[in-house]
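S.K.: There's a structure below that I have some questions on.
The values are calculated or read from the model by the stated rules, or taken from the named source; none is laboratory data. Please read these numbers as outputs of a predicted model, since none were measured by experiment. Glycine also receives a Cβ, built like all others from the backbone with ideal geometry; neighbour counts cover every protein chain displayed. Ligands, DNA and RNA are stripped out before the accessible areas are found, and what is left, the full protein with its side chains, is counted by its heavy atoms. Shrake-Rupley method; radii C 1.70, N 1.55, O 1.52, S 1.80 Å.
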Amino acid sequence: MKLRRYGMLCVLSFLSFFVIVPLWLLISGSFMGGQEAAQNFAPVLENIEGSALWPLIPRYPTIQPYVELLLDTPQFFGMFWNSVAQVFPLVLGQVLIGAPAAWAFARYDFRFKKALFLLYIVLMLMPFQVTMVSSYLVLDGLKLMDTIWAIILPGAASTFPVFIMTRFFQAIPASLTEAAAIDGAGPFKVFLRVGLPLGAPGILSAVVLGFFEYWNALEVPLTFLKDKSLWPLSLYLPSISSENLGVSLIASVVMLTPALLIFLFGQKYLEQGISAAGMKD
């Protein structure tokens, strides 16, 4: 048993190497000066002979790229707050819309329930490319193109959070909801007092997954936002050229930080959400 556990530990350590090293290189590279970065990556960026070099620790560490990006690049600040203004209301909308819908699917029997839930699953499996044209026409008809609502409203009505939260609400014992009803609680009160507290892991896992999806989104804002002043931070990184490589590394670190904090906070709930998504009825 000990030998098997030791073998598993070795395998996990080996696999973690491929995760930790790129992350470390990104962070250490963000302290690399522009001249040093140009020399190290010249064979790749300028297509010249030789091999690129990415040291584990910069030879001449500097915070100049941080100063340049955080203090001298107002475009970066605008895109960062665009991401915040789009993603956080979107995720909140997913909870406000998805939680009641998931509770209804999990706890009530109504006509065409299975067919409607199957439709939710089909919509969840459809890639954005399939629904892009129809979404564009609807948003254009509602005069929402080139506004943050073109990102928030379709994302808030996403079907995936409903699917995740339904699994957690189904796991709540019926005896608890029946006891609350006997004590005089109405359907809405049962949902608030019993469903939301006991289904909190499912709600938080949906929040974490939704944040990851839309914080890093490229196709959706690129399709629905023509005004570049509304672009989120995810569209800033592809616009960075090789001339300011140091700034691109800093931008990557800044963009990674909120996602990393959300992941560390919601890792337990994320694991539960993935397990729930794989459960069979």
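S.K.: When the chain is fully extended, how far beyond the present Cα-Cα distance does V19 get from L222, taking 0.36 nm per residue of separation?
M.R.: Net length gain for the segment: 70.2 nm.
S.K.: So what's the net charge close to T177: Lys and Arg +1, Asp and Glu -1, counting the other residues with Cβ under 15 Å from its Cβ?
M.R.: Computed value for this residue: 0.
S.K.: For the chain, what does the relative contact order come out to in percent, with C-alpha contacts under 8 Å and a separation of six or more?
M.R.: 27
S.K.: Full extension from Y108 to W54: what is 0.36 nm times the residue separation minus their Cα-Cα distance, to one decimal in nm?
M.R.: Full-extension gain reported as 13.7 nm.
S.K.: Turning to a different aspect of this structure: Report, in degrees rounded to the nearest 10, the 0 to 90 angle that the Cα long axis of helix 128-141 makes with the longest principal axis of the chain.
M.R.: Around 80 degrees separate the two axes.
S.K.: Also: State the label only: which of [x] 21.5; [y] 16.2; [z] 14.2 corresponds to mean projected area of the Cα convex hull in nm² computed from the shown model?
M.R.: [x]
S.K.: While we're here: Using a simple spin-label model with points 7 Å from Cα along the Cα→Cβ vector, what separation in nm is obtained for E68 and C10?
M.R.: Each label point is offset 7 Å from its Cα along the Cβ direction, giving 4.5 nm.
S.K.: If you don't mind, there's one more thing I want to ask. If I stretch the segment between L142 and L261 completely, what's the gain in nm (0.36 nm per residue apart, minus their alpha carbon distance), one decimal?
M.R.: Going from the current span to full extension adds 39.2 nm.
S.K.: Same structure again: Ranking request for peptides 131-144, 206-219, 73-86: highest mean number of other beta-carbon atoms within 10 Å first, then the rest in descending order.
M.R.: Order by mean packing, descending: 206-219, 73-86, 131-144.
S.K.: Right, here's the next one. Which links in K143/K268; K114/K268; K114/K189 stretch past 32 Å when you go from one Cα to the other?
M.R.: K143/K268
S.K.: By per-residue mean of other Cβ atoms within 10 Å, what is the highest-first order of 88-97, 106-115?
M.R.: 88-97, 106-115
S.K.: I've got another one for you. Taking a ≥ b ≥ c as the square roots of the Cα gyration tensor eigenvalues, with a/c under 1.5 meaning rounded and otherwise prolate when a/b beats b/c, else oblate, which class fits the stretch 122-256?
M.R.: prolate
S.K.: While we're on this one: Take A115 and L26, extend 7 Å from each Cα along the Cα→Cβ direction, and tell me the distance between the two endpoints in nm.
M.R.: Going from the A115 label point to the L26 one covers 4.6 nm.
S.K.: Same structure again: Accessible area per residue of the stretch 52-192 at 1.4 Å probe, in Å²?
M.R.: 60
S.K.: Note down the magnitude of the dipole of the chain about its Cα centre, charges +1 on Lys and Arg C-beta and -1 on Asp and Glu C-beta and zero elsewhere, to the nearest 20 debye.
M.R.: Here the chain has a charge dipole of around 1260 debye.
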